[in-house]
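The values are calculated or read from the model by the stated rules, or taken from the named source; none is laboratory data. For clarity, every value in this text was computed on a predicted model and none was experimentally measured. Quick reminder, even Gly has a Cβ in these numbers, built from the backbone with ideal geometry, and neighbours come from all protein chains shown. Heavy atoms of the whole protein, side chains included, go into the accessibility calculation; ligands, DNA and RNA do not. Shrake-Rupley method; radii C 1.70, N 1.55, O 1.52, S 1.80 Å.
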Amino acid sequence: QVHLVESGGGLVQAGGSLRLSCVATGSIGSINAMGWYRQAPGKQRELVAHVTSGTTTNYADSVKGRFTISRDNAKNTVYLQMNSLKPEDTAVYYCNVLGRGYTSISFRDYWGQGTQVTVSS
C-alpha cells in the first residue's frame with residue numbers, strides 16, 4: 001500500500017509563492033508518474049502539473065510559466081513550486097501518484113488528502 005502525505009499549503013497574497021511537497025510512504029514497489037491536481041469550490045478537479053518517470057513534464061495552460069513540478073526519486077517525493085500566485089489559484093491541491101505496492105503486480109492511482117492553498121487579492 002502506498003500513502004501520500006502533502007504539505008506546504010497556506011495563505012499567501014497575490015504575487016507570492018508557495019512550495020507544495022508530497023512524499024510517498026508505505027510498502028512501495030514502484031512509482032511511475034506523479035502529479036498535482038486542484039479543486040476549487042463548485043468546480044471539478046483539474047490537472048495542474050504532471051511529471052513522468054522519465055521526468056517529462058506537462059502543465060495546465062493556466063499555470064504555465066508560473067508553476068514548476070519536480071521530483072526526487074530517492075525520496076519518493078514530488079514538489080510543486082508555485083510563483084506569481086493569483087486569487088484564481090485558490091483551491092485544494094491534491095497529490096497523485098501512479099504506483100504499485102510492494103506486493104502488487106499492477107499499478108493504480110493513489111491520492112493525497114489535499115492541502116488548501118488560498119491566495120488573497
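If you scan the stretch 77-117, which residues turn out to be open to solvent by 50 Å² or more (accessible area, probe 1.4 Å), touching a residue at least 24 places away in the same chain (Cβ under 8 Å) and either charged (D, E, K, R) or within 23 Å of Arg45 (Cβ to Cβ) (or both)?
Here is the first cut: in the stretch 77-117, the residues open to solvent by 50 Å² or more (accessible area, probe 1.4 Å) are 81, 83-84, 86-88, 98, 100, 102-103, 105-109, 111, 113, 116.
Restricting the remaining residues to those that are touching a residue at least 24 places away in the same chain (Cβ under 8 Å) gives 81, 83-84, 86-88, 98, 100, 102-103, 107, 111, 113, 116.
Of everything in the stretch 77-117, those that are open to solvent by 50 Å² or more (accessible area, probe 1.4 Å), touching a residue at least 24 places away in the same chain (Cβ under 8 Å) and either charged (D, E, K, R) or within 23 Å of Arg45 (Cβ to Cβ) (or both) turn out to be Gln81, Asn83, Ser84, Lys86, Pro87, Glu88, Leu98, Arg100, Phe107, Trp111, Gln113, Gln116.
From the list Thr55, Thr90, the lone residue that is of a type in the set (Val, Ile, Thr), under 15 Å from the mean Cα position of the chain (by Cα) and modelled with pLDDT under 95 is Thr55. Restricting the search to the stretch 8-67, which residues are open to solvent by less than 50 Å² (accessible area, probe 1.4 Å), assigned to a strand (DSSP E or B) and charged (D, E, K, R)? Of everything in the stretch 8-67, just one residue is open to solvent by less than 50 Å² (accessible area, probe 1.4 Å), assigned to a strand (DSSP E or B) and charged (D, E, K, R), namely Arg38. Restricting attention to the stretch 1-30, the residues being out of contact with any Ser or Thr (no Cβ under 6 Å at 6 or more places or on another chain), among the aliphatic types (A, V, I, L, M) and more than 16 Å from Ile69 (Cα to Cα) number 5.
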